[in-house]
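Every read-out reported here was derived from the displayed coordinates using simple, explicitly stated rules and does not represent laboratory data. What you see is a predicted model; the values in this text were computed from it and never measured. Glycine also receives a Cβ, built like all others from the backbone with ideal geometry; neighbour counts cover every protein chain displayed.
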Amino acid sequence: MNSQPLVGRVAIITGASKGFGREIALALSRAGASVALIARSADALAAVASTIQSEGGTAIFRVGDITHESDVEALAADVQARFGGADILINNAGINIRKEITEFSLAEWNQVLNTNLTGAFLMCRAVVPLLKGRGYGRILNLTSIMSHAGLPGRTAYAASKAGLLGLTKALALELAPLGITVNGISPGPFATEMNQPLLNNPELNRQFLTRIPLGRWGEPSDIGALVVHLCRPEAGFMTGTDLVVDGGWLAQ
Ligand SMILES: NC(=O)c1ccc[n+]([C@@H]2O[C@H](COP(=O)([O-])OP(=O)(O)OC[C@H]3O[C@@H](n4cnc5c(N)ncnc54)[C@H](OP(=O)(O)O)[C@@H]3O)[C@@H](O)[C@H]2O)c1
């Protein structure tokens, strides 16, 4: 199989400073794509871009916040100016605030919804014009097993991720006539910084491991490989759906 199936493609990845976003950016670059990255942590984001450049890849980045309309529009303008369009959008940036509903402030609720759902809306609205007319297009949204099931203490997160799955399906129908596919990837528990509060707590870690049929946390690099696969031409008939990668969590 061609190890560089994405040569000539341009990919935009949100939340590329760490976790899945970093892995996805590296994987897409190694598959031949030029990448444009956004996140708020300047040093970490620059380090990802520099790693890509040191491997011979092409990366640009904007330090910005996907909940800010102006940052999102500026990133889209950067990509248009540098590459003349885009082929792939990965809506990966996300946050989780874990607490009981009565403990949530409105600001915290809004922060989760704004990042995980409205941020994806802003990115799609800004980037879809760049994807049009290229005879190919991929939008992948990092949904979650919480798009499909609940857990106590996850009301805002589950609401945002269920909303993102709804956006995924509706946008897939809207963009299908243009040949642009839109899908979700729903990870189960993976060992990224987002889950450090669980990984670092021996009791919570044990509780999670007993609920994962494969008996281990997921490896973030697996998500990068999956994204590359979904960007291949062979995955072009798949749209409006969601791939669950959860060690068997939702099968129970
Ligand atoms: N890890 C899991 O087990 C798991 C499971 C299901 C779904 N997911 C989803 O997968 C995605 C990535 O998760 P992860 O585990 O890789 O999380 P992570 O390690 O915490 O990384 C999150 C990324 O999002 C960025 N980000 C957060 N808010 C942002 C904002 N307002 N503007 C721009 N960038 C922002 C962060 O960068 P800065 O802080 O530098 O801005 C960081 O690069 C999320 O959508 C998450 O909900 C993760």
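How do 35, 7 rank when sorted from fewest to most other Cβ atoms within 10 Å of their own Cβ?
Fewest to most other Cβ atoms nearby, the residues stand as 7, 35.
Based on Cβ point charges of +1 for Lys and Arg and -1 for Asp and Glu, what charge dipole magnitude is obtained for segment 143-229 about its Cα centre, in debye rounded to the nearest 20?
240
Name the residue farthest towards the positive end of the dipole of segment 1-84 from the options 26, 13, 77, assuming +1 on Cβ of Lys and Arg, -1 on Cβ of Asp and Glu, about the Cα centre.
Towards the positive end, the residue furthest out is 26.
Two-decimal Rg/Rh of segment 10-243 from alpha-carbon positions, Kirkwood Rh?
0.95
Using the crude model of +1 on Lys and Arg Cβ and -1 on Asp and Glu Cβ, and no other charge, please compute the dipole size for segment 74-206 relative to its Cα centre, in debye to 20.
Dipole about the Cα centre, nearest 20: 320 debye.
If you take every DSSP beta bridge fully contained in segment 10-243, what fraction is antiparallel? Give it as a percent rounded to 5.
0
With a length cut of 27 Å (Cα positions projected on each helix's long axis) and a Kyte-Doolittle mean of at least -0.5, go through the chain and give me the DSSP H helices that pass.
Correct list, ordered by number: 155-175.
Can you tell me which of 14, 210, 118 moves the most in a GNM of the chain? Springs connect C-alpha atoms under 10 Å apart.
For the chain, modelled as a Gaussian network with Cα springs under 10 Å, the answer is 210.
Relative contact order for the chain: what percent, with Cα pairs under 8 Å and sequence separation of 6 or more?
Over the chain, the number comes to 19 percent.
Just to be sure I understand: with springs between alpha-carbon atoms less than 10 Å apart, which residue in 38, 95, 180 has the highest mean-square fluctuation in the Gaussian network model of the chain?
Top of the fluctuation ranking is 95.
What is the fewest-to-most order of 99, 161 by other Cβ atoms lying within 10 Å of their Cβ?
99, 161
At what distance in nm do the modelled label points of residue 219 and residue 108 sit from each other, each positioned 7 Å from its Cα along Cα→Cβ?
Rounded to a tenth, the inter-label distance reads 3.5 nm.
How would you rank 123, 238, 1, going from fewest to most other Cβ atoms within 10 Å of each one's own Cβ?
1, 238, 123
Taking H placed 1.01 Å from N in the peptide plane, check which residues at least 5 places from residue 89 or on another chain put their amide H under 5 Å from its amide H.
Those lying under 5 Å, H to H, from residue 89 are 12, 138, 139, 140.
Loop only per DSSP, at most 12 neighbouring Cβ atoms within 10 Å: give me the GluC sites (Glu not before Pro) in segment 63-108, ordered by residue number.
100
If the only charges are +1 at each Lys and Arg Cβ and -1 at each Asp and Glu Cβ, what is the size of the charge dipole of segment 59-112 around the Cα centre, to the nearest 20 debye?
That gives a dipole near 160 debye.
With no solvent and one point on each alpha carbon, what is the Debye value of log10 I(q)/I(0) for segment 1-69 at q = 0.12, 0.19, 0.20, 0.27 Å⁻¹?
Evaluating at q = 0.12, 0.19, 0.20, 0.27 Å⁻¹ gives log10 I(q)/I(0) of -0.27, -0.64, -0.70, -1.15.
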